[in-house]
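Trainee: Here it is, the structure, as structure tokens.
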Amino acid sequence: MTTQLNSDNMNVERFQYDNKIVKYFMIASVVFGVVGMMVGLIVATQLFIPEFNPLGQYTGYGRIRPLHTNAIIFAFVGNAIFCGIYYSLQRLLKARMFSDVLSWIHFWGWQLIIVLAAVTLPMGYTTSKEYAELEWPIDILITLVWVVFGINMIGTMIKRRERHLYVAVWFYIATWVTVAVLHIFNSFELPISILKSYSVYAGVQDALVQWWYGHNAVAFFLTTPYLGLMYYFLPKAANRPVYSYRLSIVHFWALIFIYIWAGPHHLLYSALPDWAQALGVVFSVMLIAPSWGGMVNGLLTLRGSWDQVRENPVLKFMVVALTCYGMATFEGPMLSLKNVNAIAHFTDWIVGHVHIGGLGWNGFMTFGILYWLVPRMWKTELYSVRLANIHFWLGTLGIIFYALPLYFSGFAQGLMWKEFTEDGFLRYPNFLETVTSIIPMYITRAFGGLLYLTGTLVMIYNLVKTAQKGSFVANEEAEAVSMTPMGHGDNFWHRALERKPILLTTLSLVVILIGGAIEIIPTLLVKSNIPTIATVKPYTPLELHGRDLYIREGCVGCHSQLVRPFRHETERYGEYSKAGEYVYDHPFLWGSKRTGPDLHRLGGKYPDSWHYQHMLEPTLISPGSIMPAYGWLFDQNVDTKDLKAKIAAMRTLGVPYAEGYEEIAEQDFWAQADKIVANLKKDGIEANKEQEIVALIAYMQRLGTDIKLKEQTAVVQ
């Protein structure tokens, strides 16, 4: 509590808050949110109607699944974050944003990134790395726009009129610092052309860096900024102070320190070194405490206000959001336990878990904030509380109908994959049996998504009608003392830190770097962590091109390339995967979901003609399959103009192609294509060596053939 000053000693300044930038981020969030949800609904429908492909190759499942995730994370949630930060930061610091020009550069730059993603991903330009699929020019643009945002935010803190940096601001700072580190470190790529690059990391190293990024993108883009927004908007909506200041301190520092270590829990039972897996498990379990600390602090802020919660739709959304946050942050550590992970990983359970966070935590918190913001920015009352309540129940039922079927299908998948008969044979040796059994769950899940989207449309109608009956205030008049002086209670040790935004930013950076450095540096620099295998050779030029086609089509979204050391997996797929098999994989393609079977031991299992027919008409080869057809691979010809650049780039990255090999690589390319065409002809298939399908077949037939089950030789270098 600050000391009251005599009015004669006060230096009162009048200024204006910028509401226009908040309004634009709000509109962008809502518009892109609807687009992202519609794409998600298409993706969900394709899992039981694979022919539901409105624009052919451009709306194929593998291409628009990352479009959906990017649209929701960076367009819907991202714009909502900026909307909330630009509104709350100005009021918490009692200052207009540092620069209106930077605010608008940030806004239009971010929308440009989203549009570029919406164009490039359906066209197949992707790095294939989860939540980081955008190619290198867009990565550079993201970096520049993020720097603009940071300058504007830190600049506002420096010119603030409020001495104390409230807890929400701490989370905004940690978000900006950590996302910058994660994005830059994970985006080290070697460009081949304007929209094609290779990750500088390979195999196990690439997997660790990617999931260090992937897990912490969830932490520091989908969690920490929303905790900051919760700390501002929930007390405002309830008209009550935050339950515990000291709990918020523990919550903040513990969360940002522990979260950064947890990424390896995505790679349990993989080729990642055991020590890194163990660190991921330990810190994931520890993560329950600070995560629930935030949830408890939020919910206890509402103590004594439950009658208000029943009447106020804003608080309803926020309470369910916090509950979903608590569920997701309990479930995440449980999924990191190796015995649970052995059942859940690669199944729909993970998809359900993620969407409890996305639909419940991010979505409902966003809706609550919007319902609170619009009446205040337009100086009116909400058009219809009844419609807001209808939205609440549509959204809640949508979450239930979405998540519960995925939990059921996840349990079914995990257990069916593992089940053996009394005679010791796999009970479901045909992977397709495990797919067809859960199709009703996919239908129910899509229905849940439709309910959630319908609720969102109801909200849009309600908010538009609210705005129409009010009058928007673009520049809101405000006044404040130039700088609130120290008062009673300001001698608490953390208060000194809260007055120094640069120091707070620096300490946040140091705290998040500790875990990342300890996990990643040894994996990158200590060669014994990644033992090589002498028989593993670089991809041939045709195989390399085929691998790029595999990446382009997003096959990694449905198929893993990682056989784990379980009996049911080695019985089904073959020898478990070794770290040394991936040393030339830029990027790694282990995958995170098995809608289809693992492919790491696919090479040589079927003739070339099987792959040809399977890609042309999957249901002809596998009746009941939900895999879409890839007819365009038969109509489009390969383009070898970048072949020399690809070989040279791979050599730069450490792949042992002979010096000058790029000059003769095209000869080998066509020679191998001729062999595949000849094999197809023997089986009665007339193919052209220039067809893309020929290159893809070459890659598929290479998978897992570098090691022989009884003849493998490991050489540690």
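Nothing in this text is a laboratory measurement; each read-out follows from the coordinates by a stated rule. Here the structure is a predicted model, which is why all the values come from computation and not from measurement. Every residue, glycine as well, gets a Cβ built from its backbone with ideal geometry; the counts of neighbours run over all protein chains shown.
Trainee: Please order THR436, THR444 by the number of other Cβ within 10 Å, starting at the fewest.
Mentor: Taking fewest neighbouring Cβ atoms as first place, the list is THR436, THR444.
Trainee: Further, regarding this structure: Straight-line reach from LYS418: which lysines have Cα under 26 Å away, leaving out those fewer than 8 places along the same chain?
Mentor: LYS418 reaches LYS338, LYS578, LYS593, LYS605, LYS708, LYS710.
Trainee: Using 1/(1 + (r/R0)^6) with R0 = 35 angstrom and r between the beta carbons of MET38 and ALA474, what's the FRET efficiency to the nearest 0.05? Display every interim value, and only then the final one.
Mentor: On the way: r = 31 Å, r/R0 = 0.87.
The formula returns an efficiency of 0.70 here.
Trainee: Let me ask something additional. Can you tell me the length gained on complete extension of the stretch GLN667 to LYS159, counting 0.36 nm per residue apart and subtracting the Cα distance?
Mentor: 176.5 nm
Trainee: Given a cut-off of under 8 Å on Cα pairs at least six residues apart, what relative contact order in percent is computed for the chain?
Mentor: 18
Trainee: Per residue of the chain, what 222 nm ellipticity follows from adding -39500 (n - 2.57) for every DSSP H run with n ≥ 4, rounded to the nearest 500?
Mentor: Taken over the chain, the calculation gives -19500 deg cm²/dmol.
Trainee: What FRET efficiency do you get for LEU397 and ALA645 if R0 is 56 Å and r is their Cβ-Cβ distance, rounded to the nearest 0.05?
Mentor: So the FRET efficiency works out to roughly 0.60.
Trainee: Based only on other Cβ atoms within 10 Å, what is the fewest-to-most ordering of MET483, MET37?
Mentor: Going from least to most buried by this count: MET483, MET37.
Trainee: Treating the beta-carbon of each Lys and Arg as +1 and of each Asp and Glu as -1, no other charges, what is the dipole magnitude of segment 532-715 about its Cα centre, to the nearest 20 debye?
Mentor: In debye, rounded to 20, segment 532-715 gives about 700.
Trainee: Quick check on the exposure proxy: order GLU135, GLU686 from fewest to most C-beta atoms within 10 angstrom.
Mentor: On the way: GLU135 22, GLU686 7.
Ascending Cβ contact count within 10 Å gives the list GLU686, GLU135.
Trainee: Filter the chymotrypsin sites (Phe, Trp or Tyr not before Pro) in segment 407-463 down to the DSSP loop ones having no more than 15 other Cβ atoms within 10 Å, then list what survives.
Mentor: PHE425
Trainee: Evaluate the distance, in nm, between pseudo-label points positioned 7 Å from the Cα of LEU457 and of LYS338 along their respective Cα→Cβ axes.
Mentor: So the two model labels end up 4.9 nm from each other.
Trainee: Please compute the length gained on full extension between PHE411 and VAL296, using 0.36 nm multiplied by the number of residues separating them and subtracting their Cα-Cα distance.
Mentor: Length gained between PHE411 and VAL296: 38.4 nm.
Trainee: Return the FRET efficiency for the residue pair SER244, LYS500: r is the Cβ-Cβ distance, R0 is 22 Å, and the value is rounded to the nearest 0.05.
Mentor: Working from the Cβ atoms, E equals 0.45.
Trainee: If you line up the long axis of helix 364-377 against the longest principal axis of the chain, both from Cα atoms, how many degrees apart are they, to the nearest 10?
Mentor: Here the helix axis deviates by roughly 40 degrees.
Trainee: Relative contact order of segment 402-517: what whole-number percent is it, with Cα pairs under 8 angstrom and at least 6 residues apart?
Mentor: This gives 20 percent for segment 402-517.
Trainee: Which whole-Hz ³J(HN,Hα) couplings does segment 246-259 yield from phi under the Karplus relation 6.51 cos²θ - 1.76 cosθ + 1.60, θ = phi - 60°, glycine and proline marked x?
Mentor: Ordered by residue, 3J(HN,Hα) equals 5, 5, 5, 5, 4, 4, 5, 5, 5, 5, 6, 6, 6, 4 Hz.
Trainee: Can I ask one more? Does segment 416-502 come out rounded, prolate or oblate, given a ≥ b ≥ c as the square roots of the eigenvalues of its C-alpha gyration tensor, rounded meaning a/c under 1.5 and, failing that, prolate meaning a/b above b/c?
Mentor: oblate
Trainee: Is segment 532-715 rounded, prolate or oblate when judged by the Cα gyration tensor, a ≥ b ≥ c being the square roots of its eigenvalues, rounded requiring a/c under 1.5 and prolate requiring a/b larger than b/c? List each step's numbers first, then the result.
Mentor: Values: a/c = 1.61, a/b = 1.01, b/c = 1.59.
Cα axes put segment 532-715 in the oblate bin.
Trainee: Once you place label points 7 Å from the Cα toward the Cβ at THR143 and LYS418, how far apart are they in nm?
Mentor: The modelled label-to-label distance comes out at 4.4 nm.
Trainee: ASP585: net charge of surrounding residues, Cβ under 13 Å, Lys/Arg +1, Asp/Glu -1, itself excluded?
Mentor: Its environment carries a net charge of 0.
Trainee: Now, a different point. Given that just one value was derived from the coordinates, which of [x] 44, 33, 24; [y] 47, 27, 25; [z] 44, 39, 22 is semi-axes √(5λ) of the Cα gyration tensor in Å?
Mentor: [y]
Trainee: Further question on the same structure: Using 0.36 nm per residue, how much length does the chain from LEU653 to SER482 gain when fully extended, once their Cα-Cα distance is taken away?
Mentor: That works out to 56.1 nm of additional length.
Trainee: Can you compute the charge dipole magnitude of segment 7-521 about its Cα centre, using +1 on each Lys and Arg Cβ and -1 on each Asp and Glu Cβ, nothing else charged? Give it in debye, rounded to the nearest 20.
Mentor: 1460
Trainee: Cross-link list LYS379/LYS465; LYS20/LYS316; LYS23/LYS469; LYS196/LYS641: which exceed 18 angstrom alpha carbon to alpha carbon?
Mentor: Pairs exceeding the cut-off: LYS20/LYS316.
Trainee: What is the spin-label model distance, in nm, from GLU381 to LEU524 if the labels are put 7 Å beyond Cα along the C-beta direction?
Mentor: 5.8
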